[in-house]
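The values are calculated or read from the model by the stated rules, or taken from the named source; none is laboratory data. Keep in mind that what you see is a predicted model, and the values were worked out from it rather than measured. Here the Cβ positions follow ideal geometry from the backbone for every residue, glycine too, while neighbour counts run over all protein chains shown.
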Amino acid sequence: MAEIDKQQSLKTLLSIFIALTAVTGALISWRASRVGGAASGADGKAVTAALEEAATELGIASETFSNLTDTREFLVHMENARAIHEEYMRNPDVPGHWLDEWQSESIRARARHTQLNTDYVKTQEGRPTFERERFRDTVRALAASEKALDIEPFLKTSEERRRDARLLFSLNTLFTAAIFLFTVAMKTDVRRKTIWTAAGVVLYFAATVIAVVKILR
Amino acid sequence: MNLRTFAEEKAFKNVVTVFLAGLTFVGSLIVFLNVSASYRGAAAGRDSRILGIRYLTHLGRASWDAAAEKRLMVAWQELGGLMMQSEAYEKMTGGKDASLYRLTRERLGKVRDLLAVQGEVTKPPYFNAQAAAFDVLQYYLDKTFIPAAELLEGQAVKKREGAFWGSKSEAYTTALAVMAVAVFLLTLSLVISGKIRFVMAGAGSVLVFSVITVAAATAARTWKAPAEESVKLLSKASADVMRIQLIISAGNDLAAAARFAGQADAALEKVLAVDPDYESAILLRNRVLTLRGETLIFGGNVEDGRKDIARAVEGIRRAIAAGREDAYLWWARSSAEMFLGKNDEALRSIAKALAALPDRAFALGALKSLVLMARGNKAESEAALEASIAFALEHPLASDPSDFRTIVKNLERWNEVVPVNGTADLIKRLKEAAVSIAVLKKARRETTASEVASLQFVSPVYDRQGEIIDVPPCEAFPRFTARAHFFLELKGMKKGQSIVTKVYGKAPGRVFWIEQFRLGKTRHWEGPDSARLLGSVENPMPEAGEILGTGEYRLEIYIDGNLAVSGVFKVL
């Protein structure tokens, strides 16, 4: 009689463990799917950052084109004007119409000069060069201060979340293994049922502890 | 129920219950595999989208950079032209004036040097100072094409990876759905009695084992991305392919095209040694073989060319057999089969390509016409060509003018290498159709009584006042000729008739006649019924030093779409 009671108590215990394991597994799965959802969110943010970066880079490229051509055209006309004027002042053989040409070149140079973004024009030996790298870096830095342009942090987050979600989902296999052990102990005449039960309990607690640590961290 | 039956039933239920518990474990494993595959697929899809964005960004940025370089190059050329002008005046004048022109030339030279420092295309390796020549194509390939090809190929690889993991995930999802049915059958076997429960349990078990087999087979499938170096080599080989296509379409040095094809082939061999299943590399290699084959055939080496093309056809056939249903593969296969003289196969491939690409009915129809002509079906060939021309008129595509030119160019050479009766008529019809569609907006030429009684190239002799005093016939003009004159005798002309002159050029050592757009003209007749005209073939700005380069030229004159006359002259 005592043996039957003992058997019944074990069955009740096993039933509770099976239910507990199933519920815990379901909760962990729910948590895993939430973590997986966060990974998808990070993916979306990475794509948005790539688009923002594209818009910024294309804006920089068009501005760079404009500044480069203005600077180069300014250089041509300015150098022409300077050389004509120098020659005119130095060489008495130079005819008067060179002054007209000097003026024309000066007017052309001046028209370009008004278009220059002088913040990024470096002048060496009196000759202007558009600093395209510095322009790009500073415009990009300004844009990055207003919106996310770098995709790497989002990719890193996404990778970490997916790793966490995979780990949590993998714990489900431990929970289901525990359920299998409990079921064997409950439904079969296997010997040493307590060992089967204990193995299931160990699996259950191991999976639960790992999950809790992972979730809390 | 007797005790034995009760015990048996209990044992059955216990077994099924344990089996179901085991199934839960298997199910959780499949869920885990499914989640992993789905995550990898999502990450690959995300990377593919990001690479697509970066590809477009690169194209936009490179276009702006190229535009700035082009401006710089034009400014450099302009200064060079002004320097040449100063130098010419310097030589024509003397004393003080010459000295001033020298000063001007030196000044412009200094400015040009300052400008050159600021660009990329004005410096080696994109600028050859000795020849004062820019290698704009190399600049484009290095700065735009190759990085773009790398990004696009990376995007395609990620897309394929996403599809791979997606297909695995779908297989696992299906397995789980089937497993749910199995669970239902097994559970049903627990609640019903009699022998039917064995049937339920048996069916459930069969489904379970099927699911396990499918899941295991799916898990065993692994993804292998091509090596980064392979993608780089592939992109460079793509650049070589582009260069070969440009060489062939511009009628340039075919030996150089064959060299680039060899270079691309060697690069792809390296790629395929590392990644033998890399589909893009396999397809590109087929393309390289086709182009090398065409290069050899158009160069006159039909036998060796056909060997390469036969290898390409085999590669394309394998790609199609492996499930790659790409209409352009069928197109490539059809033209390759045409080169091999496999006319029946070519017609089948054309039909496949045409079914998938109905908008390309002009180019494919022209190919069909050629194949039919080679097959000896003259009437069907002409009908196919008429249908394709009618299609081009009714459904114009931006590619039509280029298709007309390419087909005519290749057909003219093909007919020299492998003559086929009737091909000359096809070429004439295509030429007249191109003019009729462009000028008359009709598929066919107008019926006209007008004719060119004679066309004769002449070299006018001028007196000191610049008046022509003699026009002796001339077949070969001297080097640096800016204008090649000709006498044209027209009869039966009517006011408003269109006269289109087309000029084709063939540089020394080249095999293709290439249409020279800048030398062609279109006008409408406003003169009397009959006239004798002194015309000239010239660049739009001969005064700016635009000369006719050395080589052979062919002048074609179309009256209302009719190819009225054609004549050839040389510039030494």
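Scanning segment A:186-200 for residues that are touching a helix residue (DSSP H, G or I) at 6+ places or on another chain (Cβ under 7 Å) and surrounded by fewer than 24 Cβ atoms within 10 Å (Cβ to Cβ) yields A:Lys187, A:Thr188, A:Val190, A:Lys193, A:Trp196, A:Thr197, A:Ala199. Considering B:Leu82, B:Leu51, B:Leu59, the condition of being in a helix (DSSP H, G or I), surrounded by fewer than 20 Cβ atoms within 10 Å (Cβ to Cβ), modelled with pLDDT of 95 or more and more than 8 Å from chain A (Cβ to nearest Cβ) is satisfied by B:Leu59 alone. The number of residues in segment B:428-454 that are of a type outside the set (A, V, I, L, M), crowded, with 16+ Cβ neighbours inside 10 Å and in a helix (DSSP H, G or I) comes to 4. State whether the residues of segment A:128-136 include one that is within 22 Å of A:Ala39 (Cβ to Cβ), touching a helix residue (DSSP H, G or I) at 6+ places or on another chain (Cβ under 8 Å) and of a type in the set (Ser, Thr, Tyr). Looking for residues that are within 22 Å of A:Ala39 (Cβ to Cβ), touching a helix residue (DSSP H, G or I) at 6+ places or on another chain (Cβ under 8 Å) and of a type in the set (Ser, Thr, Tyr), one finds none in segment A:128-136, hence no. For segment A:177-191, name all the residues that are over 17 Å from A:Val209 (Cβ atoms) and touching a residue at least 40 places away in the same chain (Cβ under 8 Å). Selection gives A:Ile179, A:Phe182, A:Thr183, A:Ala185, A:Met186. Counting only residues that are farther than 19 Å from A:Ala50 by Cβ and surrounded by 17 or more Cβ atoms within 10 Å (Cβ to Cβ), segment A:132-142 holds 2 of them. For segment A:43-83, give me each residue that is more than 30 Å from B:Tyr39 (Cβ to Cβ), of a type in the set (Gly, Ala, Ser) and within 7 Å of another protein chain (Cβ to nearest Cβ). Within segment A:43-83, A:Ala61, A:Ser62, A:Ala83 qualify. Taking every residue in segment A:4-28 that is among the polar types (S, T, N, Q) and pairing it with any residue that is at pLDDT 85 or above, at least 6 positions away or on another chain, the pairs with Cβ-Cβ distances below 6 Å are A:Thr21/A:Phe175; A:Thr21/A:Ala178; A:Thr21/A:Ile179; A:Thr21/A:Tyr204; A:Thr24/A:Thr208. Go through segment B:274-288 and count every residue that is of a type outside the set (Lys, Arg), assigned to a helix (DSSP H, G or I) and more than 17 Å from B:Ser249 (Cα to Cα). Summing the residues that are of a type outside the set (Lys, Arg), assigned to a helix (DSSP H, G or I) and more than 17 Å from B:Ser249 (Cα to Cα) in segment B:274-288 gives 8.
Taking segment A:104-125 as the range and being more than 11 Å from chain B (Cβ to nearest Cβ), closer than 18 Å to B:Val111 by Cα and not in a strand (DSSP E or B) as the test, the residues that pass are A:Ser104, A:Ser106, A:Ile107, A:Arg108, A:Ala109, A:Arg110, A:Arg112, A:His113.
Checking the conditions here, which among B:Val35, B:Val31 is at the interface with another protein chain (Cβ under 9 Å from one of its Cβ atoms), under 48 Å from the mean Cα position of the chain (by Cα) and touching a residue at least 12 places away in the same chain (Cβ under 8 Å)? Working first, answer last.
On the way: B:Val35 fails: touching a residue at least 12 places away in the same chain (Cβ under 8 Å).
Selected residue: B:Val31, the only one of B:Val35, B:Val31 that is at the interface with another protein chain (Cβ under 9 Å from one of its Cβ atoms), under 48 Å from the mean Cα position of the chain (by Cα) and touching a residue at least 12 places away in the same chain (Cβ under 8 Å).
Consider segment B:512-543. How many of its residues are assigned to a loop (DSSP other than H, G, I, E, B) and crowded, with 17+ Cβ neighbours inside 10 Å? Matching residues across segment B:512-543 total 5. Which condition from (1) at the interface with chain A (Cβ under 9 Å from one of its Cβ atoms); (2) farther than 30 Å from A:Asn80 by Cβ; (3) hydrophobic (A, V, I, L, M, F, W, C) is the one that B:Leu114 breaks? For B:Leu114, the exception is condition (2). In segment B:455-468, the residue that is surrounded by the fewest Cβ atoms within 10 Å (Cβ to Cβ) out of those that are in a loop (DSSP other than H, G, I, E, B) and modelled with pLDDT of 90 or more is B:Pro460. Going by what's in this entry, would B:Gly81 be described as in contact (Cβ under 8 Å) with a residue 60 or more places away in the chain and in the same structural domain as B:Ala67 (by TED's automatic domain parsing)? Yes, satisfied.
Being part of a helix (DSSP H, G or I) and either away from chain B (no Cβ under 13 Å) or surrounded by fewer than 20 Cβ atoms within 10 Å (Cβ to Cβ) (or both): is that true of A:Leu181 here?
Answer is no for this residue.
In the condition set (1) over 16 Å from the mean Cα position of the chain (by Cα); (2) within 30 Å of B:Val408 (Cα to Cα), B:Leu284 is compliant with all but (1). Of all residues in segment A:139-162, those satisfying the criterion of being assigned to a helix (DSSP H, G or I) and facing chain B (nearest Cβ under 9 Å) are A:Leu155, A:Ser158, A:Glu159, A:Arg162. All of A:Glu73, A:Glu86, A:Glu79, A:Glu101 fail the test of being in a helix (DSSP H, G or I), surrounded by fewer than 15 Cβ atoms within 10 Å (Cβ to Cβ) and at pLDDT below 95, apart from A:Glu86. Evaluated against (1) buried (at least 20 other Cβ atoms within 10 Å of the Cβ); (2) within 11 Å of another protein chain (Cβ to nearest Cβ); (3) more than 20 Å from B:Ser63 (Cα to Cα), B:Gly154 falls short on exactly one condition, (2). Of the residues making up segment B:117-139, those that are in contact with a Phe, Trp or Tyr (Cβ under 6 Å, 6 or more places away or on another chain) and surrounded by 18 or more Cβ atoms within 10 Å (Cβ to Cβ) are B:Val121, B:Thr122, B:Tyr126, B:Phe127, B:Phe134, B:Tyr139. For segment B:117-125, the criterion of being part of a helix (DSSP H, G or I) and under 44 Å from the mean Cα position of the chain (by Cα) is satisfied by at least one residue.
Within segment B:169-178, is there a residue that is surrounded by fewer than 18 Cβ atoms within 10 Å (Cβ to Cβ) and farther than 30 Å from B:Val16 by Cα? No, that holds for no residue. Residues in segment A:50-70 that are in contact with a Phe, Trp or Tyr (Cβ under 7 Å, 6 or more places away or on another chain) and either over 27 Å from A:Thr123 (Cβ atoms) or surrounded by fewer than 16 Cβ atoms within 10 Å (Cβ to Cβ) (or both): A:Ser62 only.
Restricting attention to segment A:128-145, the residues being under 24 Å from B:Val117 (Cβ atoms) and hydrophobic (A, V, I, L, M, F, W, C) number 2.
In segment A:6-17, the count of residues that are closer than 23 Å to A:Ile215 by Cβ and part of a helix (DSSP H, G or I) is one or more.
Could you check segment B:246-264 and list, in sequence order, the residues that are of a type outside the set (Ser, Thr, Tyr), touching a residue at least 12 places away in the same chain (Cβ under 8 Å) and surrounded by fewer than 19 Cβ atoms within 10 Å (Cβ to Cβ)?
Looking only at segment B:246-264, we keep the residues that are of a type outside the set (Ser, Thr, Tyr), and these are B:246-248, B:250-264.
If we keep only those that are touching a residue at least 12 places away in the same chain (Cβ under 8 Å) as well, we get B:246-248, B:250-255, B:257-258, B:260-264.
Result: B:Leu246, B:Ala250, B:Asn252, B:Asp253, B:Ala255, B:Gly262, B:Gln263.
Being among the aliphatic types (A, V, I, L, M), assigned to a helix (DSSP H, G or I) and under 21 Å from B:Ile244 (Cβ atoms) holds for only one residue in B:Leu137, B:Leu103, and it is B:Leu137.
Filtering segment B:480-493 for residues that are on the phi < 0 side of the Ramachandran plot, in a loop (DSSP other than H, G, I, E, B) and touching a Pro at 6+ places or on another chain (Cβ under 6 Å) leaves a non-empty set.
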